[in-house]
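Please treat every number below as a calculation from the coordinates, not as lab data. Just so we're clear, the structure is a prediction, and the values are computed from it rather than from any experiment. Note: ideal-geometry Cβ built from the backbone for every residue, glycine included; neighbour counts use all protein chains shown.
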Amino acid sequence: MLVAALVDAFVDRLFGEAPGVDDILEFRAGMAAGAPGLGRVMALCSGRGKLVLEAVEVPISAYGSLSVEDFMVSLYNDHTVQRLQIVATDGSRHDMIETLDQAIGALD
């Protein structure tokens, strides 16, 4: 959540450095619309989403990409591992680490 808050605060900093932009809400809406991952992080920080820890099924074909620890967990938990998920207001779920990667990439 700390990283999400820092990403959200960086958007505000970008607004402060943008010449000729007067409305922070329009600026934030434009940033969110331009990058879905960034939009999800901004929504989470504004209270329009939530974080949940869920068991996510891992297909056997993806076992090669798991760490040893996740592999062992999945063997004993019916091919699932725990992952931190963002639950959006529409009920969709997104992996938090992937979403943060997308959001940070959008700020470059």
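Return the residues of the range 10-26 that are assigned to a helix (DSSP H, G or I) and among the small types (G, A, S); say none if nothing qualifies.
G16
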If we ask which residues in the range 22-45 are without any contact (Cβ under 8 Å) to a residue 24 or more places away in the chain and either over 20 Å from S92 (Cβ atoms) or in contact with a helix residue (DSSP H, G or I) (Cβ under 6 Å, 6 or more places away or on another chain) (or both), their number turns out to be 10
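Table: residues versus (1) touching a residue at least 40 places away in the same chain (Cβ under 8 Å); (2) small (G, A, S).
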position	(1), (2)
G47	no, yes
V56	no, no
V68	no, no
M72	no, no
D78	no, no
H94	yes, no
I97	no, no
A103	yes, yes
